[in-house]
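The values are calculated or read from the model by the stated rules, or taken from the named source; none is laboratory data. Just so it is clear, the structure is predicted and the values come from calculations on it, not from any experiment. Every residue, glycine as well, gets a Cβ built from its backbone with ideal geometry; the counts of neighbours run over all protein chains shown.
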Amino acid sequence: MATNQLCKKTLPNEAILSTYKEQAGAEAGFKFIKDDTFEVDSIFLKKPGRISALMVVMTLCLMVYSFAQYFLRQELISRNETLPTQSGRENQKPSMKWIYRLFHGVHVLHLELDGSLISKVINIDALRQRIIGYFGSLACSIYEVPCQNL
């Protein structure tokens, strides 16, 4: 590692090392933004203002993603619980990408019965219900599931 700051009082070796290690989080965020899931490569923007707007939206997505992942992991640690990973092992640090993938089959079904519109969230199994419960009573009400984890 190298730095232009030569004064060890201004920037001690420990600070250089910790700053270097913090880069991994930022790089993981950019990897997330460049992921094929977003299909950003299929968006063609020419105007700088629109490119900037897209970056604002992508940064907001990354912020929500990071917060949700942090919050879920803290809930799992505080309750001493785990969730299954892609390989089936139990883990207290699942990625939100995996959690989002678990929710791909969840849909909102809209039915019209006797002139009134009824909406129902479908395909919520026990695991998904448990994950929703970690996010609190508001999440439970949105997904129309009882909160058993509170």
Subject >> Unmet requirement for S119, which otherwise passes all of (1) under 18 Å from L76 (Cβ atoms); (2) exposed (fewer than 11 other Cβ atoms within 10 Å of the Cβ) >> reply: (1)
**OP:** State all residues of the stretch 105-125 that are among the hydrophobic types (A, V, I, L, M, F, W, C) and free of Cβ contacts under 8 Å to residues at least 12 places away in the same chain; if no residue qualifies, say none.
**Re:** L111, L113, L117, I118
Original post:
Pairs under 8 Å by beta carbon, first residue modelled with pLDDT under 80 in the stretch 1-28, partner part of a helix (DSSP H, G or I), six or more apart or different chains?
Top reply: M1/I16; M1/L17; M1/Y20; T3/I16
**OP:** From T19, T85, grab the single residue that is of a type in the set (V, I, T), farther than 30 Å from V121 by Cβ and surrounded by 11 or more Cβ atoms within 10 Å (Cβ to Cβ).
**Re:** T19
**OP:** Answer yes or no as to whether R73 is at pLDDT 95 or above, under 19 Å from the mean Cα position of the chain (by Cα) and surrounded by 11 or more Cβ atoms within 10 Å (Cβ to Cβ).
**Re:** yes
Subject >> Tally of residues being more than 25 Å from S66 (Cβ to Cβ) and either surrounded by 13 or more Cβ atoms within 10 Å (Cβ to Cβ) or among the aliphatic types (A, V, I, L, M) (or both) across the stretch 96-116 >> reply: 4
Original post:
Taking interchain pairs and intrachain pairs at least six residues apart, which have beta carbon atoms under 8 angstrom, with the first residue in the stretch 126-140 and touching a residue at least 12 places away in the same chain (Cβ under 8 Å) and the second of a type in the set (V, I, T) and outside any loop (DSSP other than H, G, I, E, B)?
Top reply: I131/I99
